[in-house]
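Single-structure report; data block below.
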Amino acid sequence: MGIIEMWKTHGAKAALVGEYDWKFLCTLRFPFCKKEKTEYQPPPFYAHDETLSLSVSAMIGLQHALTMSTNIITPALLIFNVVMSYFPEIYDPSLGEEQAANRERALDVAQYLVSASLICSGFGTMMQVSTIRIPFTKYQLGTGILSTMGTANQYNAIFPVILFDIMSRGYDIEEAWGKLLGTIMLCVWLEAYISLIPYRILKRIFPPYVLGVTVMLIGVQLTGAGIRFWGGGVGCSRAPSDSNPCLGNGEVQLGYGSGPYVGLGFSGPYV
């Protein structure tokens, strides 16, 4: 049943607004506070292919679009800002015109990577949601499942370390990224080979508890990186002091752990 059919059957209110509990969705509540006088029932769980009202569909669609676009463009900007904070003598614009030019050149590469991430996400999504049969085989390209392919955020903590190691050997950021990208293009064929292994064998090699621990460790690693970013940045977290300002935060250059950085982090849950 579509929205038009719902309008004809249940009326305009059901088609446009529905019975979604917006107060439950938009009201901030803390589980450790005093019990509220009014008990709010959680919103209903919508089944597969169930028709939603227009407002609920728009809200969920906007939420997913913002989440997906942010996750796709964030890694490129984040990784390059972290790497530049590792080498302030090269990318700190306050040290001179040469450093400012180096920073602008690195930011141009980061903007290129944002565009490349969006383009690759589009092509990858089209391939993933399709089911193109490979001739003379039992395999196909894509799963046929409606999903978005994008940049994986677990690399946010790994790539800066690799780039730092390469740049420590005398390469600039463009050369370091080229070497990393070339390595990825070679290693990706291992994943392609794994995708051809039968599911029952993969399940025995990678049981659920192995996958669960792996995902948990990724979260633990990202938590540590997130705390360093919360204080102002990764580069300045190695030597916290007022004389070592955190770069890459716009025009704000404060020491690691300064009150504005910490307060901004705490304001996130309230927003």
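The values are calculated or read from the model by the stated rules, or taken from the named source; none is laboratory data. Bear in mind the structure is a predicted one, so any value in this text is a computation, not a measurement. Quick reminder, even Gly has a Cβ in these numbers, built from the backbone with ideal geometry, and neighbours come from all protein chains shown. Ligands, DNA and RNA are excluded from the accessible area calculation, which covers all protein heavy atoms including side chains. Shrake-Rupley method; radii C 1.70, N 1.55, O 1.52, S 1.80 Å.
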- Query: Looking at (1) among the small types (Gly, Ala, Ser); (2) at pLDDT below 90; (3) out of contact with any Leu (no Cβ under 9 Å at 6 or more places or on another chain), which is the one condition that is false for ALA110?
  - Reply: (3)
- Message: Exactly one condition in (1) open to solvent by 60 Å² or more (accessible area, probe 1.4 Å); (2) over 30 Å from TYR199 (Cα atoms) is false for LEU113; which is it?
- Response: (1)
- Query: Which members of the stretch 193-214 meet the condition of being surrounded by fewer than 10 Cβ atoms within 10 Å (Cβ to Cβ), hydroxyl-bearing (Ser, Thr, Tyr) and assigned to a helix (DSSP H, G or I)?
  - Reply: TYR193, TYR199, TYR209
- Message: Checking the conditions here, which among LEU217, LEU186, LEU190 is under 19 Å from ILE158 (Cβ atoms), open to solvent by 60 Å² or more (accessible area, probe 1.4 Å) and within 20 Å of the chain's Cα centre (by Cα)?
- Response: LEU217
- Scanning for something over 28 Å from TRP177 (Cα atoms), modelled with pLDDT under 80 and aromatic (Phe, Trp, Tyr), does the stretch 80-98 turn up at least one residue? no
- Item | THR223 vs. criteria among the hydroxyl-bearing types (Ser, Thr, Tyr) and within 19 Å of PRO75 (Cα to Cα) | yes
- Query: Can you name the residue in the stretch 228-271 that is of a type in the set (A, V, I, L, M) and more than 22 Å from the chain's Cα centre (by Cα) and is also modelled with the lowest pLDDT among such residues?
  - Reply: ALA239
